[in-house]
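Input: a single structure, listed below in structure tokens.
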């Protein structure tokens, strides 16, 4: 009698686990690959798999594109993330938007990411961030480009960590990784950069505009004198700074 009761309880537990598995999988799904050009791979649960159209993107996936390749991830409410060539993106955290899983924080390790965030993902109760090793871009805008590289640039003075931000529509809150971080609201048609931990002077030009020579000199002060000096100079060039709204 006892053994039968144990068997029944075991069966009920197994049925509950089986019923919960699809729901758990659905919650961990944050988007779907809608387009691929060239070759891309996904690192998931210790394995590397070839990316394919209509494949779901899951929380904690690491997506990489090869040279001359690109990949688009469709999100809820027609939002999307377009990963450029030779780029790597991680899905770091997620939220439910109208009952559908969506990324709330992604990490751009290298390359370029074009973000289009519309609908409920821009609502007051939701957040979306693109993090790089030295910066954070928080959604207030609709469409923007984020780039990250560690190449040697003219006037970089040995600082190789560079995050670029180009806003095509709306406004994006752009923050460095200082403690506490300094942030600027970058508006439509504007370009901004953070190199190492400092805002790059002269980078408030229009998209594709040149960087001022004064910016190169100021970055040299920031690199030689410490991140705090560079941040203070950058804040002055931007006309003031503020702490993150979150």
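Using every alpha carbon pair in segment 49-153, what percent of pairs falls into each 10 Å bin from 0 up to the bin containing the largest distance?
Per 10 Å bin, starting at zero, the Cα-Cα P(r) for segment 49-153 comes out as 15, 51, 29, 5, 0 percent.
Pulled fully out, how much extra length does the chain show between residue 49 and residue 35, if you take 0.36 nm times their separation in residues and subtract their Cα-Cα distance? Before the final figure, lay out the partial values.
Details: separation 14, 0.36 × 14 = 5.04 nm, distance 1.62 nm.
So the extension gain works out to 3.4 nm.
Determine, for 128, 199, 174, the number of other Cβ atoms within 10 Å of each Cβ, and report the residues in order from fewest to most.
The fewest-first ordering by Cβ neighbours comes to 128, 174, 199.
How would you classify segment 63-121 from its alpha-carbon gyration tensor, with a ≥ b ≥ c the square roots of the eigenvalues: rounded for a/c under 1.5, else prolate if a/b is greater than b/c, otherwise oblate?
prolate
May I ask for the distance between the Cα centers of segment 128-143 and segment 28-55, given as a whole number of Å?
About 22 Å separates the Cα centre of segment 128-143 from the one of segment 28-55.
Based on the mean of other Cβ atoms within 10 Å per residue, sort peptides 181-191, 54-64 so the most packed one is first.
181-191, 54-64
Report the full-extension gain for the segment residue 179 to residue 120: residue separation times 0.36 nm, less the Cα-Cα distance, to one decimal in nm.
Taking residue 179 through residue 120 to full extension adds about 18.2 nm, to one decimal.
What is the fewest-to-most order of 86, 94, 115 by other Cβ atoms lying within 10 Å of their Cβ?
86, 94, 115
Read the figures in this text as sums done on the coordinates, not as results from a lab. Keep in mind that what you see is a predicted model, and the values were worked out from it rather than measured. FYI the Cβ positions are ideal-geometry reconstructions off the backbone, even for glycines, and counts take in every protein chain you see.
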